[in-house]
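The values are calculated or read from the model by the stated rules, or taken from the named source; none is laboratory data. All of these numbers come straight from a predicted model, not from anything done at the bench. Cβ: placed from backbone, ideal geometry, glycine included. Neighbour counts: every protein chain shown.
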Amino acid sequence: MNNFAGLSVELLDELKETAAPAITALDDDKRAEIDETISMLTGNLEKIAEHGRRADNIVKSVLEHSRGSTGERRSVDLNGLIEEALNLAYHGARAQDQSFNITLERDFTQGIAPIELVPQDITRVCLNMFGNGFYAATKRQKEGGEPNFKPTLKVSTRDLGIQSKSASTTTGPVFQPRSRTSCFSRSSRPSRPARGQGSVSRSAMTS
């Protein structure tokens, strides 16, 4: 997809150069119309390439996630890892429910130094957290009776010097204090689908 989009942009440039003499002979309105059309096509192809790169990253994340954790720690870009996990969680939710929709807001601190961790494990933790946020926000939308309510999930990263922090906030119901303390505790019973798994997150975060 990316290759075809890039090739198409090059072909458009060549077409514009080849047709330049004929285009020059046209009146101003016709030239402006042709330039606008070519510019629009170029912009669309650039968007296709962008979505193609994003899809490529999602597929890579799915493959890594499906292979499970090797326990191998490596230096990674925290913002990049969280961005990929967020896209993976969103498109996964969309695949399960075509009517699912939520506004995603990103507040990433730039310049965070690479962090040594097990990418697959932290990706799994992020997927759990984002899945919980999606569930809470959409539940409020369905049950809250608020016609102007817009489900929103905001993801933030912060550089705290010797450590970095990632957090997500949602417009869904607020966690009670008891629920917050059990988010990363071992559960004696299986979690409901789409509501996260505290034991999985605890295992990944403490390894």
Checklist outcome for this item: Those residues of the range 108-131 which are within 14 Å of residue 85 (Cα to Cα) and in contact with a Lys or Arg (Cβ under 6 Å, 6 or more places away or on another chain) amount to 118
Checklist outcome for this item: In the set 142, 154, the lone residue that is modelled with pLDDT of 60 or more, more than 18 Å from the chain's Cα centre (by Cα) and either among the β-branched types (Val, Ile, Thr) or not in a loop (DSSP other than H, G, I, E, B) (or both) is 142
Checklist entry - Out of curiosity, is residue 78 closer than 30 Å to residue 134 by Cα, at pLDDT 80 or above and not charged (D, E, K, R)? => result yes
